[in-house]
Amino acid sequence: MGNADLRDIAAIEDVAFDDVNGVVAVDAHNWLYRYLTTTVKFTSDGKYTTAGGTEVANLIGIVQGLPKFFEHGLTPVFVFDGGVTDLKDHEVAKRREAREQAEELRQAAEDRGDAIEAARLEARTQRLTETIHETSRELLRRLDVPVVEAPAEGEAQCAYMNRVGDVDYTGSEDYDVLLFGGPRTLRKLTSSGDPELMDLEATLEEHDITYEQLVDVGMLCGTDFNEGVSGIGPKTALKEVKERGDLFAVLEARGAEIEYAERIREFFFEPPTTDEYDLETTVNPNIGDAREYVIDEWEVSADEVSRGFERIEEALTQTGLDDWT
């Protein structure tokens, strides 16, 4: 997801959790997908599958992933994607094709008795179903974690909330947050160890470019909304944009074309966002209610979530996040 080529030019530094605090707008799709695939890869499907065959591995991921925020003095606000723009049709189709190919390979591995390979490929076939979306929102509600519904791209809404000062950080692994103007992004929130901080202003200053030129660099390399120009990597794109001024001058000089270039460029500059959200960050979860929802209602193995619930309770008691306003 997003333009990984941007890592080569983005200003990213390792930071200690002790040095970051406040409110982080989490790109929910991005965060959930990583926990979903990890859970499926390393957990028996009987642990997260109901008697009726519905898989809710996301509930294990949420319970195991949330403590990391609370234990380090961060209040998460989960931002869910809205409608998918038609500009993303090719990316959606590409991901669907990749899942279908992975499913074919998974079935072949299962047929030949290769359980390890089958489990690895099972993780690649995951997608966020309607049930996963609904149960994720409901569990977060019971844990008193704020949820924001984006009108379109979740990372764009996160970037907007960070830019206007309603949150302190965006939480995402998606480098396109930079192109949506996200000032400060915490990465590796789903990994062990400390996070990385990706800084937009530092990126622009380091390369002496404007935000608009950074978007042009990203588009030349390729984004979720367009294929990049053949033969152009991030350093070449940066060099040519600085020399020629903007995306269109580079395309003209190379005799190249990006379909819907003007629309995509404007979409990064002014994506659909909303101010209709409530950022009440007092955290007062109903752990008992949440446990009942996960274990009794959705039949998730208690062994997989009990320690996560305990860590949430312990963290909120120790950090006093339940008194934040």
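Bear in mind that the values in this text are calculations on the coordinates, not laboratory data. Computed from a predicted structure; not experimentally measured. Note that we place each Cβ from the backbone using ideal geometry, even for glycine, and neighbour counts take in every protein chain shown.
Quick one: putting +1 on the C-beta of Lys and Arg, -1 on the C-beta of Asp and Glu, what dipole do you get for the stretch 208-271 around its Cα centre, in Debye to the nearest 20?
Magnitude of the dipole: close to 280 debye.
Once you sort the root eigenvalues of the Cα gyration tensor of the stretch 179-222 as a ≥ b ≥ c, which label holds: rounded (a/c under 1.5), prolate (a/b larger than b/c) or oblate (the other case)?
Cα axes put the stretch 179-222 in the prolate bin.
Please list, in order along the stretch 184-190, the HN-Hα scalar couplings obtained from phi with the Karplus expression 6.51 cos²θ - 1.76 cosθ + 1.60 (θ = phi - 60°), rounded to whole Hz, x for Gly and Pro.
Calculated HN-Hα couplings, in order: 9, 10, 8, 10, 6, 6, 9 Hz.
Treat the count of other C-beta atoms within 10 Å as a stand-in for reagent exposure and order Cys158, Cys221 from fewest to most.
Ranked by crowding around the Cβ, least crowded first: Cys221, Cys158.
What list do you get for Thr49, Thr129 if you sort them by fewest beta carbons within 10 Å?
Placing the least packed residue first, the sequence is Thr129, Thr49.
Whose amide H sits under 5 Å from the amide H of Ala11, counting only residues 5 or more places off or on another chain, with H placed in the peptide plane?
So Ala11 has HN proximity to Asp199, Thr203.
Dipole magnitude of the stretch 1-75 about its Cα centre, charges +1 at Lys/Arg Cβ and -1 at Asp/Glu Cβ only, in debye to the nearest 20?
Taking the Cα centre of the stretch 1-75 as origin, the dipole is about 400 debye.
Please rank Glu149, Glu266, fewest neighbouring Cβ atoms within 10 Å first, as an exposure proxy.
Sorted ascending by nearby Cβ count, the order is Glu266, Glu149.
Note down the relative contact order for the stretch 208-271 as a percent, whole number, built from C-alpha pairs under 8 angstrom at least six residues apart.
Relative contact order here is 35 percent.
Per residue of the stretch 266-278, in order, report the coupling 6.51 cos²θ - 1.76 cosθ + 1.60 (Karplus, θ = phi - 60°) as ³J(HN,Hα) in whole Hz, putting x for Gly and Pro.
After applying 6.51 cos²θ - 1.76 cosθ + 1.60, I find 5, 5, 5, 5, 9, x, x, 9, 9, 9, 8, 8, 10 Hz.
For Val23, enumerate residues with amide H under 5 Å from its amide H, sequence gap 5+ or separate chain, H modeled in the peptide plane.
Amide H neighbours of Val23: Thr75, Asp168, Tyr169.
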